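Student: Just dropping this structure here.
Only the coordinates and a few stated rules stand behind these numbers; no lab work does. Predicted, not measured: the structure shown is a model, and the values here were computed from it. Don't worry about glycine lacking a Cβ; one is built from the backbone with ideal geometry, like all the others, and counts go over all protein chains shown.
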Amino acid sequence: MMSTKPRVFNGEGSAIDDYNKPKVQLQKIVNGDNNKNWGLFDKTNQQHKTLLSQLRTLQWTAPNGKWGEVADISRLSEFLKSDKSPIKKPLKNMNSKEVSKIIECFKSMIIKTYK
């Protein structure tokens, strides 16, 4: 059993600020610098889930306080905006054929990385 130690309030911030901090971080992720994060995905779309698993296979991950290590959506966003991407569009705006091209691109990257 872990013992907990009380924290001493030093007069900076508040509990409410700490509670609302994840909401502010989420807004920054969703809005991003270019007002759009191209890596946002639909959790019910099987192709998007496949792409997320490929990100983890390539070790494109980021630390997360709640879930440990998750797929790095901002890195995916930067890839989709770059010249290396076969389709330059936000992930949510792609049709199934375009997402398939991205998936094949990541399959190729995985093969080259681990071969």
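Student: Around Q59, with a cut-off of 11 angstrom between Cβ atoms, what is the net charge of the other residues, counting Lys and Arg +1 and Asp and Glu -1?
Tutor: 0
Student: Any chance you could run the full-extension gain for N45 through K89? It's 0.36 nm times the residue separation minus the Cα-Cα distance, nm to one decimal.
Tutor: 14.2 nm
Student: Tell me, in nm to one decimal, what length is gained between S108 and K36 on full extension, where the rule is 0.36 nm per residue of separation less the Cα-Cα distance?
Tutor: Gain on extension, S108 to K36, equals 23.2 nm.
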